[in-house]
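A quick write-up on the structure given underneath.
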């Protein structure tokens, strides 16, 4: 079980891991041992997450999610399989925690009269400056 919050868990059955050879550090080991992990989570069909959290999660995942709602996280920063596995799981947990927070709806506001006047005043000052830079016409 992957614990997200005190009440939210993702069953291990909903996660799949695949190990591959990793690029980067590792010396001769990098050519022999499959230390990189590819963690896949089918967010669209997960029974552990509410519908709106699933939608936000797929949206937050961006390129890591395919059109079917399967999120793939690749971890190969570290040298061992176990540490890369933990890294991938931690990244998935943080992504799900982000999706749990419902963003506040933005309330459209209108600019105040004073702010509009300040903007227009600034435009007039800029216009005068540019007029002064022009070459004076000979009469």
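Quick notes on this structure:
- Residue in the stretch 51-74 that is closer than 30 Å to residue 28 by Cβ and loosely packed, with under 15 Cβ neighbours inside 10 Å present: no
- Of all residues assigned to the stretch 120-137, none qualifies as being exposed (fewer than 10 other Cβ atoms within 10 Å of the Cβ), at positive phi and without any contact (Cβ under 8 Å) to a residue 60 or more places away in the chain.
- Residues of the stretch 1-55 classified as within 16 Å of residue 90 (Cβ to Cβ), assigned to a loop (DSSP other than H, G, I, E, B) and touching a strand residue (DSSP E or B) at 6+ places or on another chain (Cβ under 6 Å), total: 1
- Comparison of 134, 64, 105 shows that the only residue that is at pLDDT below 95 and closer than 17 Å to residue 40 by Cα is 64.
- When we screen 99, 22 for residues that are crowded, with 18+ Cβ neighbours inside 10 Å, more than 27 Å from residue 6 (Cα to Cα) and touching a residue at least 40 places away in the same chain (Cβ under 8 Å), the only hit is 22.
For every residue, the table says whether it meets (1) within 18 Å of residue 23 (Cα to Cα); (2) out of contact with any helix residue (DSSP H, G or I) (no Cβ under 9 Å at 6 or more places or on another chain).
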position: 47; (1), (2): no, no
position: 58; (1), (2): no, no
position: 63; (1), (2): no, yes
position: 66; (1), (2): no, yes
position: 75; (1), (2): yes, no
position: 89; (1), (2): no, yes
position: 93; (1), (2): no, yes
position: 98; (1), (2): no, no
position: 101; (1), (2): no, no
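The values are calculated or read from the model by the stated rules, or taken from the named source; none is laboratory data. A quick note: this is a predicted structure, and the numbers were derived from the prediction, not measured. Glycine gets a Cβ as well: all are built from the backbone with ideal geometry, and neighbour counts include every protein chain shown.
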